[in-house]
Amino acid sequence: MDPAFHQPLVTYPEVQLIIAEAAFRTGDQVTARTSLNAERATVPLPAVPVTVVDSALMDSIMVEKYVVMFQTIESWNDVKRECRPALVPTSAVAGGHVISRPFYGVTEESANPNALPDPVSGRNWNDPRSSVTPVDPCP
């Protein structure tokens with residue numbers, strides 16, 4: 001292990017995309033696009049034009065967040081929360097579904113009764129999509 005290795009806890013691109021999503025959710029598409037384009041400029045990628053609005057802008061933000069934060073728990077949470085980007089797993093992976101929660105190990109189940117999902121819905125207590133099946137959170 002190299003002691004000089006720099007491992008950031010949070011990165012500029014991640015912050016810009018969080019700002020972009022928050023701005024979009026509050027109705028400020030100008031700030032959302034500005035933050036998205038600030039992040040894209042670091043790669044560099046072309047700016048998202050002003051003609052990209054509403055759902056298409058949100059799609060652009062969430063796809064970019066997924067790419068930037070790939071293999072982190074936050075990108076998985078974004079997919080569960082937003083169903084964006086629209087992931088299409090192969091049929092060999094979880095029966096062709098996007099897994100909405102990790103499976104609990106036997107030790108966790110036997111030692112922590114509060115960690116178990118609801119026996120009827122299969123959802124965790126804080127999952128906003130309680131009416132959706134536990135395996136496939138996105139319609």
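Anything in the stretch 1-59 that is among the acidic types (Asp, Glu) and assigned to a helix (DSSP H, G or I)? List them, or say none.
GLU14, GLU21, GLU39, ASP54, ASP59 - these are the residues of the stretch 1-59 that are among the acidic types (Asp, Glu) and assigned to a helix (DSSP H, G or I).
May I ask you to say which residue of THR51, THR72, THR42 is among the hydroxyl-bearing types (Ser, Thr, Tyr), more than 12 Å from ILE18 (Cα to Cα) and touching a Pro at 6+ places or on another chain (Cβ under 7 Å)?
So the residue among THR51, THR72, THR42 that is among the hydroxyl-bearing types (Ser, Thr, Tyr), more than 12 Å from ILE18 (Cα to Cα) and touching a Pro at 6+ places or on another chain (Cβ under 7 Å) is THR42.
All but one of (1) out of contact with any Asp or Glu (no Cβ under 8 Å at 6 or more places or on another chain); (2) at pLDDT 75 or above hold for ILE99; which doesn't?
(2)
Tally the residues that are exposed (fewer than 13 other Cβ atoms within 10 Å of the Cβ) and either in contact with a Ser or Thr (Cβ under 6 Å, 6 or more places away or on another chain) or not β-branched (Val, Ile, Thr) (or both), restricting the search to the stretch 21-40.
The total comes to 2.
The values are calculated or read from the model by the stated rules, or taken from the named source; none is laboratory data. In this text the structure is predicted, and so the values were computed from the model without any measurement. Quick reminder, even Gly has a Cβ in these numbers, built from the backbone with ideal geometry, and neighbours come from all protein chains shown.
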